[in-house]
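Asks: Structure in structure tokens, see below.
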Amino acid sequence: MAAVYARCVEILPPPRTAAFFDLDKTVIAKSSTLTFGRSFYQGGLMNRRAVLRAAYAQFVYLVGGTDHDQTERMRKYLSDLCRGWNVQQVKEIVAETIHDVIDPIIYDEAASLIEQHHAAGRDVVIVSTSGAEVVEPIGELLGADRVVATRMVVTEGRYTGEIEYYAYGPAKAEAIARLAESEGYDLERCYAYSDSVTDVPMLEAVGYPHTVNPDRGLRREAAARQWPVLTFSRPVRLKQRVAALPPRPAIAAGAAVLAAVCAASLVWYASRRRSSTARPRLP
């Protein structure tokens, strides 16, 4: 066995892994885009009627979540709404109000998971259907390593109302696959977290899928597939929580570390053969 480990050290680099998080109702308690409605109104981008409609949409989203048809209606509404908006102004409004808007609604449980994954040496990737101008600043505050988000078409500094890339449904799984190829992630060792049945393809893409506050459709899928169901309910102020996170540990190098990795890999694959459904909930 020692000879096998020695040979493994010679040929195998440490496997790279990641944890992929949906954002809305998984990491934060509300819709990230709709939460900025009042800020956009105060910045002159939305009228009162649009703000009231956004508030109603937020209420519906919080009570029952969104299925495919509801998501498509919301996509069209938001695309039409932002047509003509100045992109730089949107970024400035988000930067100026992100602490007031996002700080109170970050789940402490999600922040703890991000901390644990980083401590285990995994990258953290936010994968959200919300727009990049909103998701990227939130990802930066969370300490995420990468962000996948919807991108709008921009012409002469303004949104046209058309979508360049829609990070939704199967597109999330495709984005994860591309990241795995470019970054060398072993998806069988990766984690994913989401609340929505529309993210089943994203959860299927990894070896350790987890549902968080799942909607009815995803709860049924979780029961059928024996996926872990997590409940996040404790909000914490994002600025304080992120400031308290310890720095990511450096990844050690050397033959001893590689040998340990190889040993763990062999044990892991052996356990996968014995049981395909018994998976730990936490990293």
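Asks: Once amide H atoms are placed 1.01 Å from N in the peptide plane, what residues at a sequence separation of 5 or more from ILE163, or on another chain, have their amide H within under 5 Å of its amide H?
Replies: Here VAL153 satisfy the definition.
Asks: Moving on. State, to one decimal in nm, how far the label point of GLU174 lies from the label point of ARG83, with both points 7 Å from Cα in the Cβ direction.
Replies: 2.5
Asks: Read phi for every residue in the range 170-177 and hand back ³J(HN,Hα) as whole Hz from Karplus 6.51 cos²θ - 1.76 cosθ + 1.60, θ = phi - 60°, with x for Gly and Pro.
Replies: Calculated HN-Hα couplings, in order: x, 4, 5, 4, 5, 5, 5, 5 Hz.
Asks: Further question: Under 5 Å between amide H atoms, partner at least 5 residues away or on a different chain: which partners does PHE232 have, H built in plane at 1.01 Å?
Replies: Close amide H contacts, sequence-distant or interchain: ASN213.
Asks: Can you compute 3J(HN,Hα) from phi for each residue in the range 97-107, using the Karplus curve 6.51 cos²θ - 1.76 cosθ + 1.60 with θ = phi - 60°, rounded to whole Hz and x for Gly and Pro?
Replies: 10, 4, 5, 5, 7, 9, 3, x, 10, 6, 6
Asks: While we're here: Taking 7 Å along the Cα-to-C-beta vector as the label spot, tell me the ALA120-GLU188 distance in nanometres, rounded to one decimal.
Replies: Reported label-point gap for ALA120 and GLU188 is 1.7 nm.
Asks: May I ask you to give the percent of accessible area on the range 61-205 that is carbon plus sulfur, with a probe radius of 1.4 Å? Mind dumping the intermediate values first?
Replies: Details: 2960 of 6100 Å².
Ligands and nucleic acids excluded, carbon and sulfur give 49 percent.
Asks: Between the range 17-32 and the range 119-147, what is the separation of their alpha carbon centroids in Å?
Replies: 9
Asks: For GLN42 and ALA224, what is the calculated FRET efficiency with R₀ set at 51 Å and r taken between the beta-carbons, to the nearest 0.05?
Replies: On the way: r = 45 Å, r/R0 = 0.89.
Approximately 0.65, to the nearest 0.05.
Asks: Run the numbers for ARG216 and SER233: contour at 0.36 nm per residue of separation, minus the present Cα-Cα distance, in nm. Let's see the in-between values first.
Replies: Working: separation 17, 0.36 × 17 = 6.12 nm, distance 1.74 nm.
Stretched out fully, the ARG216 to SER233 stretch lengthens by 4.4 nm.
The values are calculated or read from the model by the stated rules, or taken from the named source; none is laboratory data. None of these values were measured; they are calculated from a predicted model. All Cβ positions, even for glycine, are placed from backbone atoms using ideal geometry, and neighbour counts span all protein chains on display. Ligands, DNA and RNA are excluded from the accessible area calculation, which covers all protein heavy atoms including side chains. Shrake-Rupley method; radii C 1.70, N 1.55, O 1.52, S 1.80 Å.
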